[in-house]
Amino acid sequence: MSYVDGFVVPVPKRNLVAYRAMARKAGKVWREHGALSYTECVADDVKPGKWTSFPRSVKLKPGEVVWFSFIVYKSRQQRDRVMAKVMKDKRLASMMDPKAMPFDGKRLIYGGFKVAVDL
């Protein structure tokens, strides 16, 4: 079964152009190193919930929008190999600096997931 890395992050609307540029660059690097797909999605219908929701999960502030992103791999083992290469890729070094990120990295939610149903 496939393996997926999932991310939820708040992005200030004033940084959307910079975030998209970063995402395009990152996606290209991930794909070159073997990811099957790299997808970035901007919130369109994600209302704040009473107890939990995408906006609440990242402590969304006024002037920000939620992004949901995911990267698909053949397997967990392949993901680990791809991730090791990606983390060493010099093209991403400047993006790894928290001061250069177009979002608050402390409110980024991420994790790896085994695909359980794939129709």
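Taken together, the values in this text are just the output of simple stated rules run on the coordinates, not laboratory data. Since this is a predicted model, take the numbers as computed values, not measurements. Heads up, the Cβs are rebuilt from the backbone with ideal geometry, glycines too, and the neighbour counts pull from every protein chain shown.
Overview of results
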{"read-out": "Subset of the stretch 47-72 (residues that are in a loop (DSSP other than H, G, I, E, B) and either aliphatic (A, V, I, L, M) or within 21 Å of Asp5 (Cβ to Cβ) (or both))", "value": "Val58, Leu60"}
{"read-out": "Tally, over the stretch 73-110, of residues that are over 20 Å from Arg24 (Cβ atoms), touching a residue at least 24 places away in the same chain (Cβ under 8 Å) and either touching a strand residue (DSSP E or B) at 6+ places or on another chain (Cβ under 6 Å) or part of a loop (DSSP other than H, G, I, E, B) (or both)", "value": "7"}
{"read-out": "Selection count where residues are within 13 Å of the chain's Cα centre (by Cα) and either closer than 21 Å to Lys90 by Cα or β-branched (Val, Ile, Thr) (or both), scope the stretch 38-57", "value": "3"}
{"read-out": "Selection status of Val17, of a type in the set (A, V, I, L, M, F, W, C) and either touching a residue at least 60 places away in the same chain (Cβ under 8 Å) or in contact with a helix residue (DSSP H, G or I) (Cβ under 9 Å, 6 or more places away or on another chain) (or both)", "value": "no"}
{"read-out": "Every pair of residues 6+ apart whose Cβ atoms lie under 7 Å, when the first sits in the stretch 21-46 and is without any contact (Cβ under 8 Å) to a residue 24 or more places away in the chain while the second is in a strand (DSSP E or B) and among the hydrophobic types (A, V, I, L, M, F, W, C)", "value": "Val46/Val66"}
